[in-house]
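Here it is, the structure, as structure tokens.
The values are calculated or read from the model by the stated rules, or taken from the named source; none is laboratory data. Not measured: the values here are computed from a predicted model. We place every Cβ from the backbone using ideal geometry, glycine too, and count neighbours over all the protein chains shown. Areas reflect the complete protein model, heavy atoms only, side chains present, ligands, DNA and RNA absent. Shrake-Rupley method; radii C 1.70, N 1.55, O 1.52, S 1.80 Å.
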Amino acid sequence: QVQLVESGGGLVQTGGSLRLSCAASGRTFSNYAMGWFRQAPGKEREFVAAISRSGGSTYYADSVKGRFTISRDNAKNTVYLQMDTLKPEDTAVYYCAAGLYVRSAPRTEGEYNYWGQGTQVTVSS
């Protein structure tokens, strides 16, 4: 089992940047693939980015590819989401998730076992 806590959200203008962090506790962090999802008001939660256990493989949603970067520091039990060139469409609550015994960089909610509480990201136009 692992517990996840997101931080780093806030209010930025269009074109700005934020870095989200997800701190994990519990079992060995490196056993888990990690992902980021987001949910805007009135919309379903959607996949954003994922990273494999070792960090060697990553996958991004088309909507954020080239603008967002997922990374992890297994020594610090932390996964990050660097968000650049932010757009109003990126406004959402961002959640990190952990998956055990799944493919390298899972892209669907059902492949993750544990979820953080979320952190709000708001991009003003």
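Can you tell me how many residues within the range 79-90 are within 23 Å of residue 31 (Cβ to Cβ) and crowded, with 23+ Cβ neighbours inside 10 Å?
2
Suppose we filter the range 44-73 for residues that are within 21 Å of residue 12 (Cα to Cα), not aliphatic (A, V, I, L, M) and not in a strand (DSSP E or B); how many remain?
So the count comes out to 4.
Being surrounded by fewer than 16 Cβ atoms within 10 Å (Cβ to Cβ), under 14 Å from the mean Cα position of the chain (by Cα) and among the β-branched types (Val, Ile, Thr) narrows it down to one residue among 5, 93; which is it? Reasoning before the result, please.
Details: 93 fails: surrounded by fewer than 16 Cβ atoms within 10 Å (Cβ to Cβ).
From the options 5, 93, the qualifying one is 5.
How many residues does the range 46-68 hold that are surrounded by 17 or more Cβ atoms within 10 Å (Cβ to Cβ) and over 17 Å from residue 106 (Cβ atoms)?
So the answer is 0.
Something else now. When residue 76 is evaluated against the numbered criteria (1) closer than 18 Å to residue 15 by Cα; (2) open to solvent by 50 Å² or more (accessible area, probe 1.4 Å), which criterion, by number, is the only one it fails?
(1) is the only condition that residue 76 fails.
Of all residues in the range 11-34 being assigned to a loop (DSSP other than H, G, I, E, B) and touching a residue at least 24 places away in the same chain (Cβ under 8 Å), which is least open to solvent (accessible area, probe 1.4 Å)?
Checked the range 11-34; the qualifying residue least open to solvent (accessible area, probe 1.4 Å) is 16.
For residue 82, indicate whether it is part of a strand (DSSP E or B) and within 21 Å of residue 109 (Cβ to Cβ).
Working: part of a strand (DSSP E or B): yes; within 21 Å of residue 109 (Cβ to Cβ): no.
So residue 82 fails the test.
Here's something else I'd like to know. Among the residues of the range 99-118, is any closer than 12 Å to residue 33 by Cα, of a type in the set (Phe, Trp, Tyr) and open to solvent by less than 20 Å² (accessible area, probe 1.4 Å)?
Yes; the residues of the range 99-118 include at least one that is closer than 12 Å to residue 33 by Cα, of a type in the set (Phe, Trp, Tyr) and open to solvent by less than 20 Å² (accessible area, probe 1.4 Å).
Assess whether residue 53 counts as being without any contact (Cβ under 8 Å) to a residue 60 or more places away in the chain and of a type outside the set (Gly, Ala, Ser).
Answer is yes for this residue.
Could you list all residues from the range 35-45 that are out of contact with any Lys or Arg (no Cβ under 6 Å at 6 or more places or on another chain) and either within 14 Å of residue 79 (Cα to Cα) or open to solvent by 60 Å² or more (accessible area, probe 1.4 Å) (or both)? Before you say what the answer is, go through the steps one by one.
So the first thing to find is which residues in the range 35-45 are out of contact with any Lys or Arg (no Cβ under 6 Å at 6 or more places or on another chain), and the list is 35-36, 38, 40-45.
Correct list: 35, 36, 41, 42, 43, 44, 45.
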